[in-house]
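Chemist: Sharing a structure below in structure tokens format, with a few things to ask.
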């Protein structure tokens, strides 16, 4: 009953509206490589584009796309489209319409239209639901009350559509709105044991539906979802079960939200904020029992089973397949199941590159008690495959004696920098010839890992037949028109905000995490070059933190670190998004996020997107504060004008 009332309250459609792709702009058109752009193409056409024998003018083509993008599930113009058009009843000028998602596939491809009946209401039997225990346990009636408070509020939808035929737009100003995504709970999709079989299910579907509607009414752009390797491919190699995620994505689409999907090739439970435990696939763990060197290992020989070591990226340890093959197969399976949602619903696929999905080594494992803030952490290069790589690099450098082991004077996880021989600022081993060699090798392995994994991910997502969208139009003096396309779904990566010891000369915690960043050396420029090469976006944490909130003995500077990353991303042309590392709802955190996101001081850059951690009981307990914060981001002029750090 309450779900029907919620649907009526917000006039939400019960079926997913997928824009019509039966007539593809790229049908019968030859694609050519676009020089200087990765995974993009140019289509030279005349003033009219022809497909299947028809002559379609640019104006007619734009009008059709505009109609398709704003059609409701019944094919009629949606309420949002009529509201944008205004009382005059006139559609926007054709020149203002944008070509959205363009597929190079034929109209008979099975993935273009959502299967009939895919969104029919479905509920697991009562005994299934009672076996589930979620951290998102707020009473449904209480959630419905929050949603009802928005029923009379008309919040205009934010549009990020750009004008193809207009001159290049200037850089965004602080008055621009910022897209906000909200992370869903880690255990939104869960494995339920039933009849000797693990079945992926959505936890608390009713609460999730109300939560999604509430986020949409508040002006949120979309949600971030972890697609867990250990859930989807749990049954065996190549046996992908995306059924629960398909139901989830359709629910998100019905709510009018978008999806940022994270390919989570790691386990949950060992990081700050983890509220559940999700392991790697059991068949991966069985290989780990026979060969524990597939996991990252510290000097004491402790194995970190959160993710696979990058040292075995190219080793055929899984029935003749390498970890790179496993990652590529998983991403291809995801794209094959969901590419009909690319661009319209799924806007970005973030590829997990290490612990917590971040590109780093597991140098500060807090979950098992080995590390406590602000310890310098430990190097994670003592599995057999990493040591073999170190030995080869040392021999190539003419110092085979450097390849037997890692640094011996770097303390332990909880050491202070000045308590070690390696990280002490003046006279430390980090600044010796050996120190430079080791740190360069250690960070280079991480960059090469990112290059390899992003490379196979881009190949899987951008292969021929995947949806694409128009990026720009170039018209020559002779009337020749060139349409430039890019993948409909962006590729992304995450970077950890390792801000402790940033104010020291050595930046010890960053070094153990794999970022060769010191006061004398920029450790993020090489990373940005890798991301740029694969046209990937970067998501960075700790945007809510201030230096003054941390103990002086930790030499912390989240503000300085964020500024360095923003400058490096800007210089490389890499789009940068921000995340809060901790779930906070105090005014100080909100002020800092607004300052970081909108670039309201002289030194700050600007974030492309904000992802907020995370939907759940704590968010709805602080809903007034969070909703007011969202309003501030939609009206940046109300944000205090910061003058400096």
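Laboratory data are not the source of any read-out in this text; all were calculated from the coordinates shown. Values in this document were obtained by computation on a predicted structure and should not be read as measured data. Positions of Cβ are backbone-derived with ideal geometry, glycine not excepted, and every protein chain shown enters the neighbour counts.
Chemist: What do you get when you divide the Cα radius of gyration of the range 387-450 by 2.2 N^0.38 Å, with N the number of residues?
Modeler: Relative to the rule-of-thumb radius for its length, the range 387-450 sits at 1.16.
Chemist: Seen from all sides and averaged, what is the projected area of the convex hull of the Cα atoms in the range 177-258, in nm²?
Modeler: Over every viewing direction, the Cα hull of the range 177-258 projects on average to 5.9 nm².
Chemist: From the square roots a ≥ b ≥ c of the eigenvalues of the alpha-carbon gyration tensor of the range 512-554, which class results: rounded (a/c under 1.5), prolate (a/b over b/c), or oblate?
Modeler: Verdict is oblate for the range 512-554.
Chemist: Also, quick follow-up: For the range 516-586, treating each Cα as an identical point scatterer without solvent, what Debye log10 I(q)/I(0) comes out at q = 0.11, 0.15, 0.18 1/Å?
Modeler: Once normalised to I(0) and log-transformed, intensities are -0.31, -0.56, -0.76.
Chemist: Another question, then. Classify the range 348-493 as rounded, prolate or oblate, taking a ≥ b ≥ c as the square roots of the eigenvalues of its Cα gyration tensor: rounded when a/c is under 1.5, otherwise prolate if a/b is larger than b/c and oblate if not.
Modeler: Because a/c hits 1.5 or more and a/b exceeds b/c, the range 348-493 counts as prolate.
Chemist: Considering just Cα atoms, how many Å³ per residue does the convex hull of the range 464-543 enclose?
Modeler: About 154 Å³ per residue, rounded to a whole number.
Chemist: Figure the gain on full extension for residue 196 and residue 412 (residue separation times 0.36 nm, minus the Cα-Cα span) and round it to one decimal in nm.
Modeler: Result: 73.4 nm gained on full extension.
Chemist: Could you give the spread of the C-alpha atoms of the range 484-624 along their three principal axes, from largest to smallest, in whole angstroms?
Modeler: Here the spans come out as 44, 42, 30 Å, largest first.
Chemist: With equal scatterers on the alpha carbons only and no solvent term, can you work out the Debye log10 of I(q)/I(0) for the range 284-417 at 0.11, 0.16, 0.19 1/Å?
Modeler: -0.52, -0.94, -1.15
Chemist: Figure the gain on full extension for residue 235 and residue 520 (residue separation times 0.36 nm, minus the Cα-Cα span) and round it to one decimal in nm.
Modeler: 97.7 nm
Chemist: Here's a follow-up. Quick one: plug the Kirkwood hydrodynamic radius of the range 327-375 (C-alpha pairs) into Stokes-Einstein at 10 °C, 1.306 mPa s, and report D in µm²/s.
Modeler: The diffusion coefficient I find is 118 µm²/s.
Chemist: Mind putting together the pair-distance distribution for the range 423-518? All Cα pairs, 5 Å bins, whole percent per bin, short to long.
Modeler: Binned Cα distances yield the sequence 2, 11, 14, 13, 11, 9, 9, 9, 8, 6, 5, 2, 1, 0.
Chemist: Continuing with the same structure: Does the range 304-358 come out rounded, prolate or oblate by the C-alpha gyration tensor, with a ≥ b ≥ c the root eigenvalues, rounded set by a/c under 1.5 and, if not, prolate when a/b is larger than b/c and oblate if not?
Modeler: oblate
Chemist: Right, here's the next one. Quick one: give the max-minus-min coordinate of the C-alpha atoms of the range 277-319 along each principal axis, largest first, in Å.
Modeler: Per principal axis, max minus min of the Cα coordinates gives 29, 27, 17 Å.
Chemist: Quote the relative contact order of the range 253-380 in percent (integer), defining contacts as alpha-carbon pairs under 8 Å separated by 6+ residues.
Modeler: 35
Chemist: Could you sort 393-405, 343-355, 426-438, 362-374 so that the peptide with the highest average Cβ count within 10 Å comes first and the rest follow in order?
Modeler: The densest-packed peptide leads the list: 343-355, 362-374, 426-438, 393-405.
Chemist: So, one more: What distance in nm separates the simple spin-label points at residue 587 and residue 392, each placed 7 Å from Cα in the Cβ direction?
Modeler: The modelled label-to-label distance comes out at 5.8 nm.
Chemist: Then there is this: Calculated FRET efficiency, residue 448 and residue 277, Cβ-Cβ r, R0 30 Å, to nearest 0.05?
Modeler: 0.45
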